[in-house]
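Reviewing the structure listed below.
The values are calculated or read from the model by the stated rules, or taken from the named source; none is laboratory data. This structure is a prediction, so every number in the text was calculated from the model and none was measured. Please note: Cβ atoms are built from the backbone with ideal geometry, for glycine as well, and neighbour counts cover all protein chains shown. These accessible areas exclude ligands, DNA and RNA; they are computed on the full protein's heavy atoms, side chains included. Shrake-Rupley method; radii C 1.70, N 1.55, O 1.52, S 1.80 Å.
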2 protein chains.
Amino acid sequence: MGRYSVKVFITYKKGVLDPQGVAVEKAAHQLGFKKVKNVRVGKLITMEVEAKSKEEVEREIKEMAEKFLVNPVIEDYSYEISKEG
Amino acid sequence: MGRYSVKVFITYKKGVLDPQGVAVEKAAHQLGFKKVKNVRVGKLITMEVEAKSKEEVEREIKEMAEKFLVNPVIEDYSYEISKEG
């Protein structure tokens with residue numbers, strides 16, 4: 001068994017309204033950061049997974065994403081897996 | 001002027017309680033993903049920045065992080081900058 005470090009990146013799909021992103025962009029402009037645009041706020045979920053192989057981790061991550069981490073109607077996701085120790 | 005795509009990764013510092021991470025971990029265990037641990041939920045902020053150089057983007061990002069994106073008492077951050085087009 002190995003220990004794997006996983007990062008899951010969850011972002012809103014294009015076209016989905018992101019009020020938090022709009023708020024951050026407004027704040028940026030008001031504070032003088034005028035050249036910033038298309039701000040979107042997504043999620044970064046990090047975790048550790050015990051598994052026999054990277055492929056097993058990948059299967060688990062995909063299953064978790066589909067079952068409860070990601071809302072496929074409005075969100076996209078990607079992930080990175082790296083072995084630890 | 002060039003257009004740069006920026007990702008800012010914001011995570012809770014070690015030792016800071018992360019209730020959303022705890023909730024996701026509990027859900028994972030209840031749904032049969034027993035080998036998952038240390039789940040933490042952070043933020044992924046993406047944006048586009050117009051600038052003369054990558055260094056200029058870097059300066060802007062650091063300034064934004066310090067001014068309003070990140071709470072340095074409880075959060076850490078890192079970033080990635082890539083040129084577009």
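Selection of region B:26-51 for residues being more than 7 Å from every other protein chain (Cβ to nearest Cβ) and more than 18 Å from A:Arg59 (Cβ to Cβ) yields B:Lys26, B:Gln30.
Tell me which residues, restricted to region B:65-85, are among the small types (Gly, Ala, Ser) and under 13 Å from the mean Cα position of the chain (by Cα). Before the answer, list the steps.
Of all residues in region B:65-85, those among the small types (Gly, Ala, Ser) come to B:65, B:78, B:82, B:85.
Listed by number, the residues that qualify are B:Ala65, B:Ser78.
Scan A:Lys62, A:Lys54 and give me the residue that is open to solvent by 70 Å² or more (accessible area, probe 1.4 Å), more than 7 Å from every other protein chain (Cβ to nearest Cβ) and within 15 Å of the chain's Cα centre (by Cα).
Working: A:Lys54 fails: within 15 Å of the chain's Cα centre (by Cα).
A:Lys62 is the lone residue from the list that is open to solvent by 70 Å² or more (accessible area, probe 1.4 Å), more than 7 Å from every other protein chain (Cβ to nearest Cβ) and within 15 Å of the chain's Cα centre (by Cα).
Contact map, region A:1-13: residues that are over 22 Å from A:Glu75 (Cα atoms) paired with residues that are among the aliphatic types (A, V, I, L, M) and open to solvent by 20 Å² or more (accessible area, probe 1.4 Å), Cβ distance under 7 Å, separation 6+ or inter-chain. Pairs shown: A:Tyr4/A:Ile81.
Scanning region A:6-25 for residues that are within 14 Å of the chain's Cα centre (by Cα) and either more than 8 Å from chain B (Cβ to nearest Cβ) or open to solvent by 50 Å² or more (accessible area, probe 1.4 Å) (or both) yields a count of 5. The single condition among (1) open to solvent by 90 Å² or more (accessible area, probe 1.4 Å); (2) more than 10 Å from chain B (Cβ to nearest Cβ) that A:Lys67 does not meet is (2).
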